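Working notes for the structure below.
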Amino acid sequence: MQEHWQSALSDMRTRLSAENFETWLAPIAWGGCEGHKLRLRIPNKFYADWIRTHYLELLLGLVRDKSGHSDIDVSWEVDERLAEELIKTEANARESAPPPSLSSPPPAAARSRENQVAPVPANLNPRYRFESFVVGPSNQLAHAASAAAASSPGARYNPLFIYGGVGLGKTHLVNAIGHRVLEARPNSRILYVSAERFTNEFIAALQNHKMDEFRNLYRTQCDVLLMDDIQFLAGRDQTMEEFFHTFNALYHSDKQIVVSSDVYPQQMKEMEERLISRFQWGMVADIQAPELDTRVAIVKKKAEQEGIDLPDEVAHFLAETVQSNVRELEGTLLRLAVKAELLKQPIEISFAREALRGTHPPRESLTTVEDIQRAVCEYFNIRMSDLKSHRRHRSVAQPRMIAMYMCRQRLNTSYTELGDRFGGKDHTTVMSAVRKIEGRILSRDAEILASVQAIEHRLGRN
Ligand code: ADP
Ligand code: MG
C-alpha cells in the first residue's frame, strides 16, 4: 500500500505547483495502514483540514486507482517531531538562502481547529456556507441566485448554472446551497458530486454491472443534485449521455439541479448541444474575479475564521498583491500565518512583505516598458505614436528621453531592445538619451526630477 501512496504522491507532484506540493503534501509522513485505511502523519492539525478540502479527493482517487480498492480511506495522526523537523529546515533555509522566500515554505505549528470539524452530511464541505461567503459586485448575481435556489429548490432557478474562473467560489456556493437546503429540510437527500467523480462512479457501475444502483441513486434517491465542474464531461460521450438522462429524470420530478463550470455553457467545446440548451432553461449566473474591496473583505473573513490576528494594513497588502483568485489569496494568507507562527513573529506589514517577496514580487518589478511609456504619455499628455516617432521637438523629445531613462533604471532593459520598443531607434541614440537624463538628474534639474517622481508615483499606484 505504501508504494501506491508514494506513487500517488509523485503524480500529485506533477499536478500541483511546486510551492503547493512542498507546503502541503511533502510534509506528510507515512504511518502505516490498517486494512484499507492509510495512517498519515502530519505536523499539525491544520494540515488535515487543508488537505481534506483541497487535495484529498484527488489523492484518494489516485490511490484507489493504483491499488484497485475503492474503499481506501485515511486517518490523521499529528506528529510533533515533523513540526520540529520543519522548523529546522526553515532555519537552515533562512541561513543559507537570504532573503527568505516562500518558494519552499515551511509550515509547522498552527492552530487547532477541532471546533470546526463537524459531521459532514451529504458529502458537503462543512466550511463552505453562505455565512462564510463574502458578497461583492463580482459574485452578487451568483450568490443571489444560489440563495434563491436554496430557499425554494426545484422551483424557479432550476437548473442553476454557475460559471466562473478557477478559484472564484463556485464550489463554495454549490456547497452552501446544500447546507441551506438541509437546514430548512433536514431530510432532503442532497448529492454533491464532482463531474469527475460522477464519471468514475459511472464507469465503475458499468464494469461491475451495477447500473441499476447507480441510476437509482442519482435519479430517484436524490432531491438536490449539486454537480461541480461539469466541463469535465466534455468529450466523454457516454457519461454525458448518462448525465443527460439523469438531468431529465430529476428535472421532470421538480428536483433542484445545480451545475458549476469554469466556462459559459455555450463555450463548452465537445459538450452536447441538447445538454447545453438544458443548462439554459433555468438561470445562468457568473462569478467574476473580485475587486479590491471584496478581496480585502475575504482576507479578513478568512483570518477571522482561522483565528489569525491580521492587521488591516496587512489585509490590504495581501489583497493588493494577490489578485489572481480567491484560492490563491487564501493560500497565501494561510502560509503567512503558518510561517509567522513558526518563527514566532507577529504578522506585521514588514514581515508580510518579506515573506511574499519570493512568490509575489513587488508590483514595481512587474512594470513593463509599455507601462512606463503609457505613464509618460499620460503625464506629458502626448500620444504614444509621438513617443515612438522621430520627431525632435522638445515637447516629445524630452518625454521620450525620460521614458528611456526610466525603462533602463527600473527594468534594466538593453539599449538595443529599448531602441526597438521606441519605434526603431539605434541603440546609441537610446544610450545618449539615458546619459543625458542621468546627467540632469545628477545636477538636480528640478523640472526633470519632478517629472520622474510624478511618473514613478503614477506607476506605483497601478
Ligand atoms: P472554484 O470552485 O470556483 O474553483 P472555490 O469555491 O473552491 O473556487 O473557492 C476557492 C477558495 O476561495 C475557497 O476556499 C473558498 O472558500 C474561497 N472563496 C471564494 N470566493 C469566496 C468569497 N466570496 N467569500 C469567501 N471565500 C471565498
Ligand atoms: Mg471548484
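The values are calculated or read from the model by the stated rules, or taken from the named source; none is laboratory data. All values reported here derive from a predicted model rather than from experimental measurement. Backbone-built Cβ (ideal geometry, glycine too); neighbour counts: all protein chains shown.
Considering only the stretch 123-145, how many residues are away from ligand 1 (no atom under 11 Å from the Cβ) and either assigned to a helix (DSSP H, G or I) or modelled with pLDDT of 95 or more (or both)? Residues flagged as away from ligand 1 (no atom under 11 Å from the Cβ) and either assigned to a helix (DSSP H, G or I) or modelled with pLDDT of 95 or more (or both) within the stretch 123-145 amount to 4. Per the listing ASP286, ASP254, ASP312, the residue uniquely within 16 Å of ligand 2 (Cβ to nearest atom) and either of a type outside the set (Ser, Thr, Tyr) or at negative phi (or both) is ASP286. Which ones in the stretch 271-315 are among the aromatic types (Phe, Trp, Tyr) and loosely packed, with under 15 Cβ neighbours inside 10 Å? Within the stretch 271-315, TRP281 is the sole residue that qualifies. Of all residues in the stretch 206-233, those satisfying the criterion of being surrounded by fewer than 18 Cβ atoms within 10 Å (Cβ to Cβ) and of a type in the set (A, V, I, L, M) are LEU206, MET211, LEU217. LYS269 meets the conditions (1) part of a helix (DSSP H, G or I); (2) more than 30 Å from LYS339 (Cβ to Cβ) in every case but one. The failed one is (1). For residues in the stretch 316-326 being within 16 Å of ligand 2 (Cβ to nearest atom) and crowded, with 17+ Cβ neighbours inside 10 Å, which is modelled with the highest pLDDT? Per the stated criteria, the residue is VAL326.
Taken over the stretch 251-296, residues that are at pLDDT 90 or above, over 28 Å from the mean Cα position of the chain (by Cα) and over 19 Å from ILE162 (Cβ atoms) amount to 5.
Every residue, every condition in (1) modelled with pLDDT under 90; (2) crowded, with 19+ Cβ neighbours inside 10 Å, yes or no:
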residue	(1), (2)
GLU3	no, no
THR14	yes, no
ILE28	no, yes
LEU58	yes, no
GLU90	yes, yes
PRO99	yes, no
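Listed conditions (1) modelled with pLDDT of 95 or more; (2) within 16 Å of ligand 1 (Cβ to nearest atom) are all met by VAL181, apart from (2).
Within the stretch 238-261, is even one residue outside any helix (DSSP H, G or I), surrounded by fewer than 21 Cβ atoms within 10 Å (Cβ to Cβ), within 16 Å of ligand 1 (Cβ to nearest atom) and among the acidic types (Asp, Glu)? Looking through the stretch 238-261, none of the residues is outside any helix (DSSP H, G or I), surrounded by fewer than 21 Cβ atoms within 10 Å (Cβ to Cβ), within 16 Å of ligand 1 (Cβ to nearest atom) and among the acidic types (Asp, Glu).
Counting only residues that are at pLDDT 90 or above and touching a helix residue (DSSP H, G or I) at 6+ places or on another chain (Cβ under 8 Å), which one in the stretch 297-309 is farthest from ligand 2 (Cβ to nearest atom)? My answer is ASP309.
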